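Worksheet for the structure shown next.
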Amino acid sequence: WLDMARWAECGAPVDPDELRGQLCFGGLDLATSGDIAALVLDFPDDVCVHALLCRFWMPADHIAKRSREDRAPYDVWVRDGYITATPGNWIDFDIIRRDIVELAKVYNIAEIGFDRWGAVQLQTQLAGDGLVVVPIGQGFASLAAPTKEFERLLAGGKLRHGGNPVLAWMAANVAVEQDPAGNVKPAKDKAREKIDGIVAAIMAIDRATRHEGDGVSVYETRGIRSV
């Protein structure tokens, strides 16, 4: 679905320290026991460039097996800090919650959109932690518009993904499905391999674009938060 040459052109660095205190919007795509969970934070600036900051989680006991089956270097990505390995053979949602709460101390997370499937408990916990969490359906009605916006931003060079190798692998995997009206959305059942990070990015962009024109400048929200 995505032009990977264009993807590479949008790989300008994303410095997490430079984004401290800035307004952002999250997308959270959770996972089953052996899959990857993904959080993408979208930092839109005043010239409509969207910088993406990613976090991925995966159960430690499945890394070797899934590396072979998915033909992906999960072990290398864990070693290099791109994926957090959670102990055992099931993704530990408590660790995901802990990490998101810590990120919220550093970045000004306005909202987190998430796939409501399997996320009720974590949604409740994050809301109790003071975060605004918004369920996003995974059908055309909810995903068509942000999917189109994601594609438009990429084509216009308005995305910065920092060359994250996990997100790049997922971008290369993405397939879409189309409804009779011509709307498209990511199709996990048609993808070559995992696409969770792209789905999370699309949900983050959904929340960001819904708040365009709210009159909040990212420069007004900057400032170092104590951790």
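Taking every protein chain into account, the 1.4 Å probe leaves Arg152 with about 130 Å² of accessible area, to the nearest ten.
Working note: Karplus 6.51/-1.76/1.60 with θ = phi - 60° gives the stretch 58-67 the couplings 7, x, 4, 5, 9, 5, 5, 5, 5, 4 Hz, where Gly and Pro are set to x. Normalising the average separation of contacting C-alpha pairs (under 8 angstrom, six or more residues apart) by the number of residues puts the relative contact order of the chain at 33 percent. In this view, the solvent-accessible surface of Met4, computed with a 1.4 Å probe and all protein chains in place, comes to about 60 Å².
Just checking my list (i) 0.97; (ii) 0.94; (iii) 1.42 against Rg/Rh (Cα atoms, Kirkwood Rh) computed from this structure; which label fits? Checked against the structure: label (ii).
Just by accessible area at a 1.4 angstrom probe, what is the order of Lys105, Lys194 from largest to smallest?
Accessible-area ranking of Lys105, Lys194, largest first: Lys105, Lys194.
The antiparallel fraction among DSSP beta bridges confined to the chain stands at about 50%.
Based on Cβ point charges of +1 for Lys and Arg and -1 for Asp and Glu, what charge dipole magnitude is obtained for the stretch 1-102 about its Cα centre, in debye rounded to the nearest 20? It comes to approximately 400 debye.
Of the residues Leu30, Ile63, Val166, the one whose Cα sits farthest towards the positive end of the charge dipole of the chain is Ile63 (charges of +1 on Lys and Arg Cβ, -1 on Asp and Glu Cβ, taken about the Cα centre).
Summing Cβ point charges (Lys, Arg +1; Asp, Glu -1) relative to the Cα centre of the chain gives a dipole of roughly 240 debye. Against the criterion of solvent-accessible heavy-atom surface with a 1.4 angstrom probe, Lys158, Lys65 sort, most first, into Lys65, Lys158.
Only lysine pairs 8 or more places apart or on separate chains count here, and in the chain those with Cα atoms under 16 Å apart total 4. Above 25 Å, the calculated P(r) of the stretch 63-191 contains 41 percent of its Cα-Cα pairs. Computed on protein heavy atoms with a 1.4 Å probe, the accessible areas place Arg79, Arg207 in the order Arg79, Arg207, largest first.
The values are calculated or read from the model by the stated rules, or taken from the named source; none is laboratory data. Predicted, not measured: the structure shown is a model, and the values here were computed from it. Cβ sites come from the backbone with ideal geometry, for glycine too, and all protein chains shown count toward neighbours. Side chains included, ligands, DNA and RNA excluded: accessible areas come from the protein's heavy atoms. Shrake-Rupley method; radii C 1.70, N 1.55, O 1.52, S 1.80 Å.
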